[in-house]
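Scroll down for the structure; my scribbles are underneath it.
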Amino acid sequence: MEQDRADANRAGGSRADANGPDADGPGADGSRANGFGAAGSRASGPGAADSGAHRAVVVGAGIGGLTAAVALHRRGWRVTILERAADLTPVGAGIGLAPNAQRALDVVGLGDRVRALSAWQGDGGMRTPGGRWLVRTDAEAAAARFGGPLVLLHRAALVEILTSALPDGTVRTGTTATVTDPGDDRRPARVTAVTAGGETEWEAELVLAADGIHSATRRALFPAHPGPRYSGRTSWRMVVPAPGRPFAPHETWGAGRLWGTQPLKDGRVYAYAMANAPEGARAPDDERAELLRLFGGWHHPVPEILAAVGPDRVLRHDVHHLITPLPAHHRGRVALLGDAAHAMMPSLGQGGNQAVEDAVVLAHHAGSGDAFVPSRALAAYTADRLPRTTAVVRKAARTGALTMLSARPAVALRSALVVAVSRLGPGFLLRGFDGIADWRPPGEPARPA
């Protein structure tokens, strides 16, 4: 399970521009920028945008926003990312990239770099809090079925891979961006950017809103939409040194509680937990103490993980999702992607994966910009993504309801069903990811950048 809640509740992490504003960048005096001539330093090398390139603004530098920027840059667009955080340090911990997202990253030439960071998972499975194995998973069978293994890596590593594929000056941190006019086929979109130095207006042929689950852009474009709903669950995440005793990767389902422990390439361990809880509830002391109360008596390596993590290293976030789909993923020249468009429960581990898919599909429909017609290109993007992401959101909600059963008779029946299904073979269990992990992006994979 991959937890996206920290990044979903902010505008995303960003890489700071170490060289400061470039020569044609917007000033700090509140003056209006002349279109995207202020979008950042000119790139060099293959695929670099020239001064006549079409311009795009990305609001938010999370995983989806960064991937979209890379995909558009490779197609010749001149891209600027406006990120409200002061730097690009990711708040999240681990992220799992399934084969569908890896193939999307192949399109922008980064898939192999991500695969190189994968820790060999071996065979893991699902357990009870007492340690009994309900089912053992077969990593090789999953890789054969879906065209590759799950890659689990730290978010910081993925952010570094993505930002390394962008020109210097692409990301502007410490900037709060607001879409003031979505534009249409006849006029550009407009974005107001506020920094410590003042306010600047940007114009763009295309704006991508990757500003998270509480997206201000989504509220502005679709004010009648009910927005995200609390799922009834809260989540915790942490990264710690590997325990002294070995363990098999696992996810453990209890009564209204869940725990997972997965190894990372660098020798550390990514652990996550979830529990039924009232919205906004917090521990009376600290979140490590709360985890000890909820999970301290569970099987190895859970107690060792909790002993190794400091109270200030535990991230906690309530889980919200957009269970009511949007009418569209665009309006005018503005497209929504990632959690801004389809926030989901982390029970399928697909939140970040679907954002990466969004990014390459959007760039595919935007093309090189030479024949870009917003109404046509973005309608095609919505037609591709809305049905798929709606289905994944709903499946994640159903799976989440199953994993978080709390009545003991229901938990016992769930365990018995899992055991029974596992006896039908690994292929039967993997069928739940058919149509998700086997997705293939439009276009052929690119050569590594």
Report task. Could you please let me know if residue 63 is open to solvent by 10 Å² or more (accessible area, probe 1.4 Å), among the β-branched types (Val, Ile, Thr) and under 15 Å from the mean Cα position of the chain (by Cα)? Result -> yes
Query raised in the report: Can you find even one residue in the stretch 210-217 that is part of a loop (DSSP other than H, G, I, E, B), among the hydroxyl-bearing types (Ser, Thr, Tyr) and under 19 Å from residue 339 (Cα atoms)?
Result: yes
Requested in this report: Please work out if residue 304 is touching a residue at least 60 places away in the same chain (Cβ under 8 Å) and either out of contact with any strand residue (DSSP E or B) (no Cβ under 9 Å at 6 or more places or on another chain) or in a helix (DSSP H, G or I) (or both).
Outcome: yes
**Report entry** Residue that is nearest to residue 55 (Cα to Cα), among those in the stretch 351-369 that are touching a Phe, Trp or Tyr at 6+ places or on another chain (Cβ under 9 Å) and not in a helix (DSSP H, G or I)
**Finding:** 369
Query - Filter result (of a type outside the set (S, T, N, Q) and open to solvent by 50 Å² or more (accessible area, probe 1.4 Å)) within the stretch 396-406 - result: 398, 402, 405
Query raised in the report: What residue, among those in the stretch 218-231 that are in contact with a strand residue (DSSP E or B) (Cβ under 6 Å, 6 or more places away or on another chain) and assigned to a strand (DSSP E or B), is farthest from residue 401 (Cα to Cα)?
Result: 230
Query raised in the report: Checking residue 382 against (1) out of contact with any strand residue (DSSP E or B) (no Cβ under 6 Å at 6 or more places or on another chain); (2) farther than 21 Å from residue 233 by Cα; (3) of a type in the set (Ser, Thr, Tyr), which single condition isn't satisfied?
Result: (1)
Requested in this report: Return a yes/no flag: does the stretch 178-195 have any residue that is closer than 30 Å to residue 371 by Cα, assigned to a helix (DSSP H, G or I) and touching a Lys or Arg at 6+ places or on another chain (Cβ under 6 Å).
Outcome: no
Report task. May I ask you to list the residues in the stretch 89-99 that are open to solvent by less than 20 Å² (accessible area, probe 1.4 Å) and in contact with a Gly (Cβ under 9 Å, 6 or more places away or on another chain)? Result -> 92, 95, 96, 97, 98, 99
Query raised in the report: Within the stretch 85-106, can you find the residues that are under 17 Å from the mean Cα position of the chain (by Cα) and either assigned to a loop (DSSP other than H, G, I, E, B) or more than 24 Å from residue 153 (Cα to Cα) (or both)?
Result: 85, 88, 89, 90, 91, 92, 93, 98
Query raised in the report: What residue, of 409, 374, 387, 441, is out of contact with any Phe, Trp or Tyr (no Cβ under 7 Å at 6 or more places or on another chain), under 28 Å from residue 334 (Cα atoms), modelled with pLDDT of 95 or more and surrounded by fewer than 19 Cβ atoms within 10 Å (Cβ to Cβ)?
Result: 387
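The values are calculated or read from the model by the stated rules, or taken from the named source; none is laboratory data. Quick caveat, the model's predicted, so the values are computed rather than measured. All Cβ positions, even for glycine, are placed from backbone atoms using ideal geometry, and neighbour counts span all protein chains on display. Ligands, DNA and RNA are excluded from the accessible area calculation, which covers all protein heavy atoms including side chains. Shrake-Rupley method; radii C 1.70, N 1.55, O 1.52, S 1.80 Å.
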